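The values are calculated or read from the model by the stated rules, or taken from the named source; none is laboratory data. Every value quoted in this text rests on a predicted model; they were computed, and no experiment measured them. With ideal geometry, Cβ positions are generated from the backbone for all residues, glycine too; neighbour counts draw on all protein chains shown.
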Amino acid sequence: MSPWTISLEQTLSLEALSRALLLAPPGSNLSPILLEHVPAILPDCWLEVRLLPDQTLYFQGLNWSPLLDEVWQQLETLSAPYLALQKPPLAFNQVLPGSALLVPIQRVADDQIMGGVFASLADTGREPEAAVPVLQILAAQIAAALHRDEQFARTIATITETHRQEIYEEIYRQTYHSQLEVEYEKLKQELALARAIQLSFLPKTIPYIPGWQLTATLEPARETSGDFYDIIQLPNGHIGLLVADVADKGIGPALYMAVSRTLIRTYALHHDNDPGRVMTLANERLLAETGSDLFVTIFYAILNPATGDLAYCNAGHNPPYLFTTAPGQPAAAPAVPLTGTGIPLGLFDHLPWHNGSAHIAPGATLLLYSDGIVEAQDEDGNFYGAELLQAVVQANRERSAIALENRVMNNLYRFVGDAPQADDITLMILRRDAA
């Protein structure tokens with residue numbers, strides 16, 4: 001049987017849904033947004049999106065929701081990433097022949113199951129499990145929108161309870177001054193909400209890769225960050241590693257970051273052996289859809305964990321360093337920089353992004369970072385620099401990835417001292433266990 005794939009039309013429709021959910025005002029009804037975009041994502045399926053216990057956000061096809069109560073009851077105890085229903089209940093099977101899938105919607109804050117996406121697949125000869133990635137992306141987008149609404153409601157409730165009397169008295173005494181305070185609180189609320197949404201895009205856990213150690217950290221300089229990173233488990237069993245930095249700071253770059261991250265992740269699942277192609281497609285969509293003067297530098301690599309081979313594309317980002325000398329050897333070889341293979345995304349159309357390649361041997365370490373590390377300054381204005389960063393890694397090459405991360409960050413903090421953090425800091429360390 002032929003497998004499902006994420007088609008270009010589905011990719012574009014997922015992008016459009018992501019933007020619509022991101023730009024919708026907090027507290028918006030999600031049903032009209034889903035009604036507008038979901039039919040183009042899964043036109044061959046009969047769907048229901050439900051929040052437990054019985055709130056239907058969207059259905060596609062006949063209103064067969066009452067027939068699925070027995071199916072939805074299984075969702076509350078589901079421990080797998082999805083549930084395949086090859087033999088649905090009799091009453092349901094009379095209406096919707098064929099196989100079905102149930103994918104959970106998990107709360108961002110604690111991964112608790114709060115609902116799900118049910119899809120009845122037409123009998124087209126395709127493997128039903130191959131539709132799981134599309135359904136999981138749809139479920140994740142809905143979860144992110146619901147998380148934003150929860151954060152917004154919690155912020156409003158806190159502000160109302162804490163400052164109600166204070167705001168009332170201030171309005172009574174001085175209307176103009178109280179209006180300034182309200183506007184300031186609104187700005188703080190918007191920034192806090194934007195920060196929460198950004199953090200929800202970062203990987204909640206670092207995947208376990210046998211024979212490898214992987215760690216990552218991000219320290220924003222302000223409420224919102226222009227840096228971001230991602231770890232993408234690809235359909236072919238490879239791992240996508242991403243570190244990126246959007247030019248400028250604030251709400252605009254934060255939105256640009258969210259769109260960039262969604263585009264890259266979507267195209268990465270569709271082109272799991274070609275990082276340059278992922279950059280080309282993401283750049284085309286950024287230029288076509290955002291209409292801004294922002295740009296983003298990106299290092300995106302695809303790791304084959306079985307062989308240690310690495311295919312990468314460096315779109316104007318700080319070159320990661322590959323430390324090839326294994327722990328226990330007497331001398332440390334110079335770090336190998338993985339230099340640029342193209343310009344940043346969001347600047348020009350119709351330009352190529354080439355692929356580079358490297359091999360991570362047993363005992364070797366790959367260090368990915370943003371310019372917030374090498375351009376960090378102490379109180380006298382001295383830069384931390386790439387040389388000091390490499391020296392710290394070389395001096396601690398015997399340590400585990402997490403211990404090495406702690407050494408680098410502690411050394412950076414000691415160097416900066418009391419000087420303010422001027423830029424976002426992102427660090428990712430990949431190390432292959434010694435043979």
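Can you tell me which residue within the stretch 211-228, out of those that are modelled with pLDDT of 80 or more and either crowded, with 22+ Cβ neighbours inside 10 Å or not assigned by TED's automatic domain parsing to the domain that holds residue 371 (or both), is nearest to residue 435 (Cα to Cα)? Applying the filter and picking the extreme gives 228. Among the residues in the stretch 31-45, are any exposed (fewer than 14 other Cβ atoms within 10 Å of the Cβ), under 25 Å from residue 256 (Cα atoms) and at pLDDT below 80? The answer is no; no qualifying residue exists.
Whenever a residue of the stretch 35-62 is polar (S, T, N, Q), its partners that are surrounded by fewer than 19 Cβ atoms within 10 Å (Cβ to Cβ), lying with C-beta atoms within less than 7 angstrom and at least six residues away or across chains, give the pairs 56/65; 60/39.
Go through the stretch 216-245 and report how many residues are outside any strand (DSSP E or B) and touching a strand residue (DSSP E or B) at 6+ places or on another chain (Cβ under 7 Å).
Adding up the residues that qualify gives 4.
On the stretch given as the stretch 260-299, residues that are in a helix (DSSP H, G or I) and among the β-branched types (Val, Ile, Thr) total 5. Checked against (1) under 19 Å from the mean Cα position of the chain (by Cα); (2) in contact (Cβ under 8 Å) with a residue 12 or more places away in the chain; (3) surrounded by fewer than 24 Cβ atoms within 10 Å (Cβ to Cβ), residue 244 passes all but a single condition, namely (3).
Of all residues in the stretch 273-320, exactly one satisfies the criterion of being within 25 Å of residue 138 (Cα to Cα), in contact with a strand residue (DSSP E or B) (Cβ under 7 Å, 6 or more places away or on another chain) and surrounded by fewer than 18 Cβ atoms within 10 Å (Cβ to Cβ), namely 273. Scanning the stretch 368-384 finds one or more residues that are within 19 Å of residue 240 (Cα to Cα) and at pLDDT below 95.
Each row is one residue, and each column tells you yes or no for (1) within 30 Å of residue 304 (Cβ to Cβ); (2) among the acidic types (Asp, Glu); (3) outside the structural domain of residue 278 (by TED's automatic domain parsing).
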site	(1), (2), (3)
349	no, yes, no
370	yes, no, no
373	yes, no, no
384	no, no, no
416	no, no, no
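Taking the criterion of being out of contact with any helix residue (DSSP H, G or I) (no Cβ under 6 Å at 6 or more places or on another chain) and either of a type in the set (Phe, Trp, Tyr) or free of Cβ contacts under 8 Å to residues at least 60 places away in the same chain (or both), the residues of the stretch 353-372 that qualify are 356, 357, 358, 359, 369. The single residue among 363, 346, 342, 356 that is at pLDDT 90 or above, surrounded by 13 or more Cβ atoms within 10 Å (Cβ to Cβ) and over 16 Å from residue 301 (Cα atoms) turns out to be 363. Entry remark, the stretch 292-328: residues being small (Gly, Ala, Ser) and more than 15 Å from residue 246 (Cβ to Cβ) number 6 in total.
Of all the criteria given as (1) farther than 25 Å from residue 147 by Cα; (2) touching a Leu at 6+ places or on another chain (Cβ under 9 Å), the one not satisfied by residue 30 is (1). Annotation note: of 273, 283, the sole residue that is out of contact with any Leu (no Cβ under 6 Å at 6 or more places or on another chain) and modelled with pLDDT of 85 or more is 273.
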